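The values are calculated or read from the model by the stated rules, or taken from the named source; none is laboratory data. Not measured: the values here are computed from a predicted model. Cβ sites come from the backbone with ideal geometry, for glycine too, and all protein chains shown count toward neighbours. Areas reflect the complete protein model, heavy atoms only, side chains present, ligands, DNA and RNA absent. Shrake-Rupley method; radii C 1.70, N 1.55, O 1.52, S 1.80 Å.
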Amino acid sequence: MSSLRRPLVAGNWKMNGSLAEGVVLTRNIQARLVSLSAASHYPSIDVVLAPPFTALAIISEQLNLIRITNVHLPPRSLAAKHGEQTQGCLRLEIGAQTMSEFDQGPFTGEISPPMLRELGVRWVILGHSERRTLCGESDIGVGLKVRAALRHSMTPIIAVGETAEQHAAGLTIETVVAQTQAALIGLQAEDIERCVIAYEPIWAIGTGNSETPENANRTMLAIRQSVAGLEPVRILYGGSVKADNAAEFFAQPNIDGALVGGASLDPEAFCTIIQAADAAGQVFQRT
Ligand code: PGA
């Protein structure tokens, strides 16, 4: 980690859990964070939970990001209020796992940025490899969604990563640099600064075989150098991040946090990862 960038840990729940399980998982995470924060002040770390769409409203209310009975309140003022309450400490917020690039219209099954904003959502994962592979999302489509997120004051977490074949052929850096450039092309420096990139080798997702921290760091440095203005941008590692390997990733200078899948469904593991990010952030803030 670097003192330049605020650590970020995001939990991607994917299509898992019932509503009740989501609420309990969130409650367990909140409870653990309260007890952990007694030992640490969480000086500057963002934590994002990305539940399925159907659970966003209830979990947003659980985190005091919205009042469901009062959703006509402008989301911005609620967000600002929330920011004031949590300034200088851990911020626990919600994110969506994808979204439409359009604000409204005949797009059956899609969810728009304003719909998400209304639920207190300020983060959105875009271009996850499962969306690219299973739903045919293209580099160009991801770029459009990045612009839509920024237009609606949401932080896009842009996922990039190479397949096992590209990895074996030595095409890792070429692949992720092309994906990053396609997502950010034409953006002004002040917009680039508002993005987050997640490097997730596809072969490492959900397999238990993570990339080594050193190799991930090297690839992430290449990502950082591939577009002007990425120095202040957080780049996360994702792909089988667990309680027992997170600290090794966070010890690398170009790894600013993690996008966590499977382990984010286990409150103990997820909070251990948050704690590791917090500890690494504090070390770098002192140096
Ligand atoms: P994993 O998933 O942590 O289960 O490998 C990461 C992701 O898909 O974002």
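Condition first: away from the ligand (no atom under 16 Å from the Cβ), of a type in the set (Val, Ile, Thr) and surrounded by 14 or more Cβ atoms within 10 Å (Cβ to Cβ). Can you find one or more residues in the stretch 37-56 that meet it?
Yes: one or more hits.
With the stretch 137-255 as the region, which helices (runs of 4 or more DSSP H) entirely inside it contain at least 3 residues that are more than 16 Å from the ligand (Cβ to nearest atom) and of a type outside the set (S, T, N, Q)?
The qualifying helices (runs of 4 or more DSSP H) are 139-151, 172-184, 189-192, 213-224.
Is there a residue in the stretch 261-276 that is open to solvent by 30 Å² or more (accessible area, probe 1.4 Å), over 23 Å from Arg131 (Cβ atoms) and away from the ligand (no atom under 16 Å from the Cβ)?
Yes.
Here are some residues: Ala198, Ala204, Ala222. Which one is modelled with pLDDT of 95 or more and either over 23 Å from Met15 (Cα atoms) or surrounded by fewer than 17 Cβ atoms within 10 Å (Cβ to Cβ) (or both)?
When all the criteria are applied, what remains is Ala222.
Answer yes or no: is there a residue in the stretch 91-99 that is open to solvent by 20 Å² or more (accessible area, probe 1.4 Å), at positive phi and part of a loop (DSSP other than H, G, I, E, B).
Checking the stretch 91-99: not a single residue is open to solvent by 20 Å² or more (accessible area, probe 1.4 Å), at positive phi and part of a loop (DSSP other than H, G, I, E, B).
For the stretch 1-15, enumerate the residues that are open to solvent by 70 Å² or more (accessible area, probe 1.4 Å) and modelled with pLDDT of 95 or more.
Met15 - this is the single residue of the stretch 1-15 that is open to solvent by 70 Å² or more (accessible area, probe 1.4 Å) and modelled with pLDDT of 95 or more.
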